[in-house]
Structures are given as structure tokens and as C-alpha cells.
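Right, one structure below, let's go through it.
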Amino acid sequence: TSSPVGFWRTIDDYTNRPRGIVQITENNGVLTGRIAEVFPEPDGTIKTHCTACKGKLKNAPAIGLRVLWNMKFDGKKWSGGRILDPDTGFNYRWLIYTEKNGQRLRVRGFIGFSLLGRTQIWHRVK
């Protein structure tokens, strides 16, 4: 499988519109992802802060916000970490797979079992 390290254009799974760019990095076999860019909403507004986040992250700046953490490779897929949905402030278990020669990233966030969740397709930024 290709490495998910790099920059990824996130796609809203309801509107199918690009939402922003997430940078995924690897340090000692562990993935972390932070928001690198936020795209305007259909009405032209830009979400500059995580107003839905809880605790220390409440109203944290969107740019640089850690949205993926503690992901490890098990030989087949990256899993075991958490993913933050800045729109709701909730974080979920997740797993990811690269597809299309590393140009697409299938991101699956879930509660409990991976069957109970949702999947987004992110596209590598060249």
C-alpha cells in the first residue's frame, strides 16, 4: 500500500464539495494529520475556528488543528487512531486505505465497529 503521508483535499460526503487540505505526517510509525487550508463555504464564509470542538479545542484556530492522530500500520491498513470531525466536535475511531496508486485516500470514521460509520474519499494534492 502507498504511504498516506502528504497533502489531501478533503471532500464533504454530503455536498461532494472540497472542504480543505489536510497534511498527514508520520513520526516513528505513527500518523498525525492537521488542517493546512480551509476552503470557503457555499455562502462564501470560511470556518476559521473550531466552534463545535470541546474542552481545550473549543474555538481553536482551524489552520493547524490536529484532526488525525495515533494511526499505525498493521501490515494491511492504517488504523487504531482517532479522527476529529471539526463540524461536530466529536472524534471517532478510524482506518484508512490508499487507492488508485496512492492518489486517493479512503477514510472511514466509526463508533465501535467499522460497519457503523461513514466513509470519505480524499484526493492527493500534487
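The values are calculated or read from the model by the stated rules, or taken from the named source; none is laboratory data. No experiment lies behind these values; they were computed from the predicted model shown. Cβ atoms come from the backbone with ideal geometry, glycine included; neighbour counts cover every protein chain shown. For the accessible areas, the whole protein counts, side chains as well, though only heavy atoms, and no ligand, DNA or RNA atoms are used. Shrake-Rupley method; radii C 1.70, N 1.55, O 1.52, S 1.80 Å.
Rounded to 0.05, the FRET efficiency of the Asp13 and Asn101 pair, given R0 = 30 Å and the Cβ-Cβ distance, is 0.85. Residues whose amide H lies under 5 Å from that of Glu37, counting only those 5 or more places away or on a different chain, are Ile21; hydrogens are built 1.01 Å from N in the peptide plane. Note on Leu105: accessible area is roughly 0 Å² with a 1.4 Å probe, heavy atoms of protein only. Accessible area per residue for the chain is 60 Å², calculated with a 1.4 Å probe on protein heavy atoms, without ligands, DNA or RNA. For Ala60, the residues whose modelled amide H falls within less than 5 Å of its own, excluding neighbours fewer than 5 places apart on the same chain, are Cys50.
Ordered by 1.4 Å accessible area with all protein chains kept, Lys77, Lys72 run largest first as Lys72, Lys77. Computed on the chain, with alpha-carbon pairs under 8 angstrom and 6+ residues apart, the relative contact order is 23 percent.
Quick one: putting +1 on the C-beta of Lys and Arg, -1 on the C-beta of Asp and Glu, what dipole do you get for the chain around its Cα centre, in Debye to the nearest 20? Display every interim value, and only then the final one.
On the way: 21 positive and 10 negative charges, 63 e Å.
Using only the charged Cβ atoms, the result is roughly 300 debye.
Annotated for the chain: lysine pairs at least 8 residues apart or interchain, Cα distance under 29 Å, count 13.
Could you look at the chain and say what percent of its accessible area is carbon and sulfur, using a 1.4 Å probe and all protein chains?
Values: 4060 of 7550 Å².
The computed percentage sits at 54.
The charge dipole of segment 69-126, taken about the Cα centre with unit charges on the Cβ atoms of Lys, Arg (+1) and Asp, Glu (-1), comes to about 260 debye, rounded to the nearest 20. Among Phe90, Phe110, the sequence by solvent-accessible area, most first, with a 1.4 Å probe is Phe90, Phe110. Extending 7 Å from the Cα toward the beta-carbon at both Asn59 and Ser2 defines two label points whose distance is 4.1 nm.
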